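Notes follow once the structure below has been shown.
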Amino acid sequence: MIRALTFDTYGTVVDWRTSVLDELRALADRKSLTLDCVAFLDEWKAAYRPGMDRVNRGESRWTTVDAMYRTRLEELLAKYGVTLATDEIDALTRVWWRLRPWPDALAGLRRLKQRYILSPLSNASFIGMVELARSAGLPWDCVITAENARCYNPRPEVYQTAIALLGLAPAEIMMVAAHNYDLAAARAEGMMTAFVPRALEYGLGQTTDLAPTQAWDVVAADFGELAVRLGC
């Protein structure tokens, strides 16, 4: 019997792309900058996976995604010729703590919370996920991130850490994600799986994760349908 749900958060629970784009565009307006905000964000986000992979391969010491994003942001500001004060760079780095939930997310999570323990299982830093929960009103019962495991998904230690911290059997925990690779890694550790596609995570023209690539335990169009499928 499933007792807890763990959630990928960036992309599955919150719409990072439009949230960050809106803040970049607002910054460009305030500063009268001629800035291709879409290209800037694409280059900024591109630092995410390679940085985590270096940690996972042991080529880099443990580094939070916040630190990765800060380093890449400073590089891009120099590349694009944008000058910001240190406090402005700090604030822009923390945009990843202020992302908006998908329209169905909060209502769906509240329904699911009536029956299940809810936790993120995110590559975010611990404080980043705590701050995001406060900003977006995410009703987690606890917070588990890659920082607890000192490595990033899809390393098995990430899922094993969640299983250990929740004190449950793997089959009592369901991983919820919009990314097939995340679910495959969770299934390999014995967890149940739920696929909720987010066809606009990367904007119009997205080509990845539009459909399930395996027979996941649950496939739902949104969190409302997920709640129905799980008896909430």
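Each reported figure results from applying straightforward, stated rules to the coordinates on display, with no laboratory input. Because the structure is a prediction, the values reported are computed rather than measured. Because the Cβ atoms are built from the backbone with ideal geometry, glycine has one as well, and the counts that use them run over all protein chains shown.
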Whole-Hz couplings from phi, Karplus 6.51/-1.76/1.60, listed for segment 15-31; x for Gly and Pro: 8, 5, 5, 5, 4, 6, 4, 4, 6, 5, 5, 5, 5, 4, 5, 4, 9
Virtual paramagnetic centre 7 Å along Cα→Cβ of Ser32, amide N under 18 Å, in segment 70-109: 81-85
Distance cut-off 20 Å, percentage of C-alpha pairs in segment 94-232 lying past it: 47
Å³ per residue enclosed by the Cα convex hull of segment 152-209: 73
Label-point gap, in nm, between Arg100 and Arg54 - each point 7 angstrom along Cα→Cβ: 3.3
18 Å tail of the calculated P(r), segment 16-97, as % of Cα pairs: 41
Calculated FRET value between Arg70 and Ala221, using beta carbons and R₀ = 25 Å, to 0.05: 0.10
14 Å beta-carbon shell around Leu183, net charge (K/R +1, D/E -1): -3
Alpha carbon convex hull of the chain, projected area averaged over orientations, nm²: 12.4
GNM top mover of Pro170, Pro154, Pro103 - the chain, alpha-carbon springs below 10 Å: Pro103
Highest to lowest packing among 182-194, 13-25, 70-82, 129-141, scored as the average C-beta count within 10 Å: 182-194, 13-25, 129-141, 70-82
Rg in Å to one decimal, and Dmax rounded to a whole Å, for segment 96-167 via C-alpha atoms: 12.4, 32
Ala199-Thr63 pseudo-label distance in nm [points 7 Å out on the Cα-to-Cβ vector]: 3.7
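Using +1 on the beta carbon of Lys and Arg, -1 on that of Asp and Glu, and nothing else charged, what's the dipole of the chain about the Cα centre, debye to 20?
300
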Percent RCO, i.e. relative contact order, over segment 16-97, from Cα pairs under 8 Å lying at least 6 residues apart: 31
Given charges at Cβ of Lys, Arg, Asp, Glu: segment 45-191 dipole, positive-most of Met129, Gly51, Ala169: Ala169
